[in-house]
Amino acid sequence: MNEAALFFFTPHLDALPIYEKLEEMILAQMPHVQIKVQKSQITFVNRRVFACASFQSVRKAPNRPKSFLTVTFGLAYRKESPRIDVATQPYPNRWTHHVTVANPDEIDEELLAWLREAAEFAAVK
């Protein structure tokens, strides 16, 4: 992890283990990924952005864990799952999905399969 990513987590150090596992798994399973740290999110890019990690609140406060990371990914269709907090269609054939992750164990095979699919979608669109 680079210095910019560490700085991004300064006010949210409790979420750092979640991100560390997310980054490790993405880099291990998806080829040619670049990581770009921005002001409000960290993006994962192959040909285009396919996933982001942020502190965007997609759940109402009473249902939101104290420590969390929001993982966002894009697909050509709406993925249905109780784990997906919000799915929006910003334009035709493009769905953005937001998943609240409260601990590193939630970076599991199901989420990684969605991220691999998002990476494939971004690489060919």
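Some observations on this one:
- Max mean-square fluctuation residue, GNM over the chain, Cα-Cα springs under 10 Å, options LEU22, LEU13, LEU115: LEU13
- For the chain, the solvent-accessible area of protein heavy atoms averages 55 Å² per residue (probe radius 1.4 Å; ligands and nucleic acids excluded).
- Here the extension length gained between ASP108 and SER67 equals 13.0 nm, from 0.36 nm per residue of separation less the Cα-Cα distance.
- Segment 105-125 and segment 1-44: distance between their alpha carbon centers, rounded to Å: 15
- Here is the size of the chain from its Cα atoms: Rg then Dmax, 13.6, 39 Å.
- Mean residue ellipticity (222 nm) of the chain, computed from DSSP H runs ≥ 4 via -39,500 (n - 2.57), nearest 500: -9000 deg cm²/dmol
- Scoring 40-52, 98-110, 78-90 by mean Cβ neighbours within 10 Å over their residues and listing the highest first yields 40-52, 98-110, 78-90.
- Portion, in percent, of the accessible area of segment 1-111 that falls on carbon or sulfur, probe 1.4 Å: 52
- ALA87-ARG48 FRET efficiency (beta carbon distance; Förster radius 22 Å; 0.05 resolution): 0.70
- Residues within the reach of a label modelled at GLU20 (point 7 angstrom out along Cα to beta-carbon, backbone nitrogen below 18 Å), restricted to segment 28-47, are 28.
The values are calculated or read from the model by the stated rules, or taken from the named source; none is laboratory data. A quick note: this is a predicted structure, and the numbers were derived from the prediction, not measured. When we count neighbours, we look across all protein chains shown, and the Cβ atoms used for this are built from the backbone with ideal geometry, even at glycine. For the accessible areas, the whole protein counts, side chains as well, though only heavy atoms, and no ligand, DNA or RNA atoms are used. Shrake-Rupley method; radii C 1.70, N 1.55, O 1.52, S 1.80 Å.
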